[in-house]
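Novice: Questions regarding the structure given below will be posed in turn.
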Amino acid sequence: MEKEWEPKIIAFLCNWCSYAGADLAGTGRLQYPPNIRIIRVPCSGRLNPLYIIKAILDGADGVLVSGCHPGDCHYLSGNMYARRRFTLLKRIIVTAGINPDRVHFTWVSASEGGRFAEVIEEVTSKVKKLGPNGLMGVK
Amino acid sequence: MGDKLISICKNLLEENRVSLILAFTGRELDNQAVPYFIRDLKEVVNIKWDEYCTPNLAKYLLEKQIELKTQEQGKDKIGIVAKPCDARAIVMYLVEKQIHRDDVYIIGMECNGMKVQDGSLSPGCHECSVRVPPIYDVLIKSSGEIIYFDGKELEGDRKSTVAKVKTFEYPKTSPPPINKENDLERFRNEIEKCILCFSCRQACYGCYCPTCFIDRSMPDWHTDDLNEGTKMLFHLGRAMHLAGRCIECGACERVCPSGVKIRYLIREANDFCKKVYGYTAGLDPTQKPVLAQFNKDDKEIGFLGGVNE
């Protein structure tokens, strides 16, 4: 029986808040779609925007970047710089013609296990509606 | 303007206020000007100034500065003939702390647009609203009037120029709004012409990294042959590195041998910075770069559950 296409979503989670939130969702046995592949980074501010661009160009159907809430960064201001960087990156990606619903940014704190599950539900449903990443045929 | 320029350069060299001047000279073909580096008084007569002096001389400051600093006499001043876009590049070098203000003597020239070899306006000159350099030590206006910078913050032409740039809106026909994902075809068509010669990177004032990201092997951003994916990666990556730093000089489009119209991508990011962060590159040497600062009330446009939209 042919399996329905499932999107592959790369999730960059900051170690101190978002990854801990995901961990909490796990220990609380909350159900959420299994489509994400998590990459742990020390801080959302560490993330070179080229990683997101490369993920999309290499065929990822969606990318999610999640950090600490502004003001709560473990490294004080990393997520503040990341905020500016990612708004600009989204603008550039959209101008180049990539659907904005493929790339998502959000803030999830370490105690928001339930919210993390909701975020993954939302992102997966949005990406699923868009279909496979057509740019993959490029490489 | 040309003869006033020659007399000012002669003065500077005679009084030993600079040891090197970056200017333009002509060549055998008409409608062409090439960069000219003058160290000697008798070379000054060859200086030329007309509407074909299109290249941007600011990038030479970085390499010539190193050359002069290694000489026996220690640091020496460099004079540079600066159009408004060159002056904006120098302001950005000051913002990013690549040069000292005291190492440069800027001869500002008022500019009404420069032409390429076939007589048409250079890309970027058509919509440019910065006709007077935002920074100079001496300014030569189109009428021939010479103004020396007397230390006052912003006066006369410069104030109105800066005000005009800050409120300038690109015509509605150019960039499309952010919600329409309509431009994959446009992007793909432009990228198809690209041959990854990197002329745009060589010509841009802002691309001065000793090793460009696309040439690095740690991390290796492009691992395959030079195909469409690499081209997209290069142009998107370069747009991201120049977002908020582009001075809109049009050199990238002018030097492209394949005619790739790549400016619209970086222009989007620049417009965004102007509107949302109130930041225009290259006008104020005391600013911090736009991505090196933050505000706790920054807008989170496009974020999931974003506040301050």
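The values are calculated or read from the model by the stated rules, or taken from the named source; none is laboratory data. Nothing here was measured: the structure is a model prediction, and the numbers come from that model. We place every Cβ from the backbone using ideal geometry, glycine too, and count neighbours over all the protein chains shown. Note: accessible area is taken over every heavy atom of the protein model, side chains too, but ligands, DNA and RNA are not part of it. Shrake-Rupley method; radii C 1.70, N 1.55, O 1.52, S 1.80 Å.
Novice: Please go through segment B:1-32 and pick out each residue that is part of a helix (DSSP H, G or I), open to solvent by 60 Å² or more (accessible area, probe 1.4 Å) and touching a residue at least 24 places away in the same chain (Cβ under 8 Å).
Specialist: B:LYS4, B:LYS10, B:GLU14
Novice: Moving on to the next point. When you go through (1) open to solvent by 50 Å² or more (accessible area, probe 1.4 Å); (2) more than 9 Å from chain B (Cβ to nearest Cβ) one by one for A:VAL63, which number turns out not to apply?
Specialist: So the condition that A:VAL63 fails would be (1).
Novice: Identify, by number, the condition in (1) within 15 Å of A:ILE9 (Cβ to Cβ); (2) more than 10 Å from chain B (Cβ to nearest Cβ); (3) charged (D, E, K, R) that A:ASP58 doesn't meet.
Specialist: Unmet for A:ASP58, out of (1) within 15 Å of A:ILE9 (Cβ to Cβ); (2) more than 10 Å from chain B (Cβ to nearest Cβ); (3) charged (D, E, K, R): (2).
Novice: List, please: which pairs have Cβ atoms under 8 Å, are six or more places apart or on different chains, and start with a residue in segment B:282-297 that is more than 14 Å from every other protein chain (Cβ to nearest Cβ) and more than 16 Å from B:PHE272 (Cα to Cα) and end with one that is open to solvent by 40 Å² or more (accessible area, probe 1.4 Å) and among the charged types (D, E, K, R)?
Specialist: Sorted first by the residue in segment B:282-297, then by its partner, the pairs are B:LEU283/B:LYS166; B:PRO285/B:ARG101.
Novice: Within the bounds of segment A:86-101, is there any residue that is more than 9 Å from every other protein chain (Cβ to nearest Cβ), of a type in the set (Gly, Ala, Ser) and open to solvent by less than 60 Å² (accessible area, probe 1.4 Å)?
Specialist: no
Novice: Those residues that are hydrophobic (A, V, I, L, M, F, W, C) and assigned to a helix (DSSP H, G or I), I need them from segment B:33-69; list them, please.
Specialist: B:LEU41, B:VAL44, B:VAL45, B:ALA58, B:LEU61, B:LEU62, B:ILE66, B:LEU68
Novice: Output the residues belonging to segment A:28-58 that are among the small types (Gly, Ala, Ser) and within 22 Å of B:GLY302 (Cβ to Cβ).
Specialist: A:SER44, A:GLY45, A:ALA55
Novice: Another question, then. Let me spell it out: the conditions are (1) free of Cβ contacts under 8 Å to residues at least 12 places away in the same chain; (2) surrounded by 23 or more Cβ atoms within 10 Å (Cβ to Cβ), and A:ARG83 meets all of them except one. Which number is the exception?
Specialist: If we test A:ARG83 against (1) free of Cβ contacts under 8 Å to residues at least 12 places away in the same chain; (2) surrounded by 23 or more Cβ atoms within 10 Å (Cβ to Cβ), just (1) comes out false.
Novice: Within segment A:28-38, can one find any residue that is farther than 18 Å from A:GLU121 by Cα and either modelled with pLDDT under 90 or not in a strand (DSSP E or B) (or both)?
Specialist: no
Novice: Here is a follow-up. Considering only segment A:11-35, state which residues are buried (at least 21 other Cβ atoms within 10 Å of the Cβ) and within 13 Å of the chain's Cα centre (by Cα).
Specialist: Across segment A:11-35, the qualifying residues are A:ALA11, A:PHE12, A:LEU13, A:CYS14, A:SER18, A:TYR19, A:ALA22.
Novice: Just the residues that are within 12 Å of chain B (Cβ to nearest Cβ), buried (at least 20 other Cβ atoms within 10 Å of the Cβ) and in a helix (DSSP H, G or I), please, taken from segment A:102-130.
Specialist: Hits for segment A:102-130 are A:ARG102, A:PHE116, A:VAL119, A:ILE120, A:VAL123.
Novice: Against the condition open to solvent by 30 Å² or more (accessible area, probe 1.4 Å), of a type outside the set (Ser, Thr, Tyr), under 20 Å from B:LEU236 (Cα atoms) and more than 9 Å from chain B (Cβ to nearest Cβ), how does A:ARG46 come out, does it pass? Can you show your working first?
Specialist: Details: open to solvent by 30 Å² or more (accessible area, probe 1.4 Å): yes; of a type outside the set (Ser, Thr, Tyr): yes; under 20 Å from B:LEU236 (Cα atoms): yes; more than 9 Å from chain B (Cβ to nearest Cβ): yes.
In short, yes.
Novice: In segment A:66-85, how many residues are outside any loop (DSSP other than H, G, I, E, B) and within 8 Å of chain B (Cβ to nearest Cβ)?
Specialist: Matching residues across segment A:66-85 total 5.
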